[in-house]
Structure formats: C-alpha cells, structure tokens
1. Could you please report the charge total around Val25, scoring K, R as +1 and D, E as -1 over all other residues with beta-carbon less than 10 angstrom from its beta-carbon?
2. For every other residue with a beta carbon closer than 14 angstrom to the beta carbon of Ala305, add +1 if it is Lys or Arg and -1 if Asp or Glu, then tell me the sum.
3. Rank-order 130-138, 36-44, 229-237 by packing density, defined as the average count of other C-beta atoms within 10 Å over each peptide's residues, highest first.
4. Run the 1.4 Å probe and let me know the accessible area of Val105, rounded to the nearest 10 Å².
5. Expressed in nm to one decimal, what extension gain is obtained for the pair Thr33 and Asp63 from 0.36 nm per residue of sequence separation less their Cα-Cα distance?
6. Obtain the nm distance between the two label points defined at Glu50 and Ala177 by a simple spin-label model: each point lies 7 Å from its Cα along the Cα-to-C-beta direction.
7. Under 13 Å from the Cβ of Val228, count the other residues' Cβ atoms, weight Lys and Arg +1, Asp and Glu -1, and hand me the total.
8. Residues in the stretch 1-42, backbone N under 12 Å from the label point at Arg81 (7 Å along the Cα-to-beta-carbon vector): list them, ranges by number please.
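The values are calculated or read from the model by the stated rules, or taken from the named source; none is laboratory data. These numbers come from a predicted model, not from an experiment. Counting neighbours? That spans all protein chains shown, and the Cβs are built from the backbone with ideal geometry, glycine included. Please note that ligands, DNA and RNA were not included when accessible areas were found on the heavy atoms of the full protein model with its side chains. Shrake-Rupley method; radii C 1.70, N 1.55, O 1.52, S 1.80 Å.
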Amino acid sequence: MADTPLIADYFDGQHAQAIPVALSVHGDMLQLTGTAVNNQIPLREIHWPERTRHGARIAQLPDGGALHARTPAEWDQWTRRHNIGEGWVVQVQQSWRLVGVAVVVLLALCAAGYLWGLPLASRGVMAVMPRSVDQQVGEIAMRSVEETWLHPSKLPKAEQERLRALFLQAQARWQSAQPPGTPTLPVKIHFRHARIGPNAFALPDGSLVFTDQLVKLFKGRDEVLVGVFAHELGHVQHRHSMRLLVQSGLLGAAASVAFGDFSQVLAATPALLGHMAYSRDFEREADDASIELLRANNIRPSVMAGLFDELAAYRRRPPPDEDGKKAKDKPQDPRETSSDTEDESDDEDDFGIAFSSHPADAERIARFKEADQR
C-alpha cells in the first residue's frame, strides 16, 4: 500500500505566500510536489522541529525555505512513521518515565559531586596554594573578628602568659615526637573577652583565640585547655579554614552556574550547607590531632570528656533576667567569682562558633575515651 503524502505549506524564502505541497519520502530524499514545485531534498539536510505538546511544526530547508505543518498531530504521525525528526532527546522529553530517570541520575551526579567531587577539587587547589595565602587571609579574618566579636581580655596578664607558655611547651613536646623535617606550625595565641561564650577558634595564619569564658570555665584544669589548644592546632595543621573557604567558593560558583544571578542568598545557601557537612570531618581530624598531642604530653585523652560535659551544662543554664543577673534557679559554679558572673551576664549572646556543625558530643566523648586504650 502506497504511503499517503502529507499536505503542508511551503515557503520558498522569497515570497510571503504559502504554497500547498505534498510531502513524500523516497529513500533518503524528501519529495515536495505542488503547483510549480517539484523538489527533492536530502532528509539529513533538513532541520526538523522537535515534537512538543503544543506549538507549531516548522522544518527549515537548506535553501532558506521552510515547511509549516497544517495539523501538528498529522505531522507527528507522519514523521514517526518515516522515523525522521525524532532524536533520542525528543523521545526522552516526551516520556515522563525517562524524564524521571534523568532527574534521578542528575541528582545522583550532584550528590556525588557534593560528597566527593568538591573535597577532591579543594584538595587539588590547596596542593598548589602557598601558605603565604593562609597568612594573608588569617590576618584579614583576625582584624574582622576583632572589630565584630572580640574585646581585650580581662584575664590577668600573668595568667595569660602562663597559659601561653603551657601551650607552646605542649606543642614543642609534640613537635619533638614528629618525624625529622616536619615543619613547625607558627602559632599566635590570643586571649579575648567575647560575646561567644566559652569557646576557641583557629584562623588560617595560626592565630588561636581563647575566650576568657573558656579559661574561667576550666580554671584549674590545664590539661583540658591543652586539649582544646591541640584541637585548634589541628585545624591549622590541616588547613581546614582554607579548605572550607575554597569549598565555599566552589559551591558558590556551582550555584551561580546552576541558578544564574537568581539570588545572592540562594547562591550562598549551598556554601553554608557545605560548611555544616564538611566541618564534621574536619572536627574529627582535629580531634585526632588533639589526641596525638595529649599523648605526647603524657595526658590521657579522656580528659576531654570533661570539656563536652561542661559545655553541655553551660548551654543548659537559664539566660540572664532583664536586670542582667542570673536567674535565681541557675546553678552556681564554685570556680566562678562574682565578677566573672557579671562579665558573662553582660557580654554573652546566643552565638557560638560552629557548635551545630560538630559531631555529636557522645560520639566525640567515646572517641577520646577509646584513645586511652590504644
């Protein structure tokens, strides 16, 4: 049975008037037959339109002419019958099952890139980034936090110098246990009164900041403060701050590519999520560094369990009342003086550095306790 030709409107590219033509396929050629029209055109040279749910069907011819479908449904049936103009992309677009598979594959690729691709890329960047960049970034960051969060320490100068010497001696003992040629990490120890509660943090240039509240909370328990120092030193050793900065930049760039200039907030959201997830791995690395330094100083790593217990108890304390005094039912710490209490009530707010991004306290406590047995 002979194939029924398809009736379409032909525009020759020179006149605005449409010419009715009959379309038929002979081998790899398309035959156009109509009034004063008898052309044969190779099928491969015609730009066929994609099939869509709605919209016109217009095939572009190599000489500048065009074929317009009169009825899209008849056009689609005719082209499918001759297996022309229907690439695999169009077939996927017209199948909700294949679209669903494509979405799943895309999400899997994004997840793989997020979990493994970004850390791998950041390590590659860090491998060629000199330490001098860490120094510059750390100095800028220190100036920024000094202006925003930090105030001069209220600790006695003698106590600051004693702790500074204690920390540097602990680092020296750890350094002597390292393989020959291991570079010495330059550190600058700062004590500051701050609105972030008992805390400590490290900056890329080796600046380690301890808040007065942290020192007061662990007054008389130097081994815990040495463990905190070792933990922050581990962040500097592994260049965690810089790696987070690089990963944030890569995440922000990926978001910008995906969403365009849709919103700066939207572009920053995956960067924040990256901080939250990746910092868990970094905290574990820093905990391992703390365990190593504590051992080098003949301190049982399990002493760090007290850190988490004290911080958990501190976060459970009721907030100050409207007069800036502690609530009546707030338990008093025998190590605190009245002046210490007033300082904390006056200056603290709810902000804490990365508490929510740390691994669960129970997991970390178990890690430090198990280190005693190794």
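1. On the way: positive: Arg81; negative: Asp3, Asp28.
Residues near Val25 contribute -1 overall.
2. On the way: positive: Arg221, Arg300, Arg364, Arg367, Lys369; negative: Glu223, Asp287, Asp309, Glu310, Asp361, Glu363, Glu370, Asp372.
Every neighbour counted, the sum reads -3.
3. 229-237, 130-138, 36-44
4. In the full protein context, Val105 sits at about 80 Å².
5. Separation in residues times 0.36 nm, less the Cα-Cα distance, equals 9.2 nm.
6. Result for the modelled spin labels: 6.2 nm.
7. Numbers: positive: Arg221, Arg364; negative: Asp222, Glu223, Glu232, Glu283, Asp287, Glu310.
Here the count lands on -4.
8. Inside the label zone: 1-7, 23-25.
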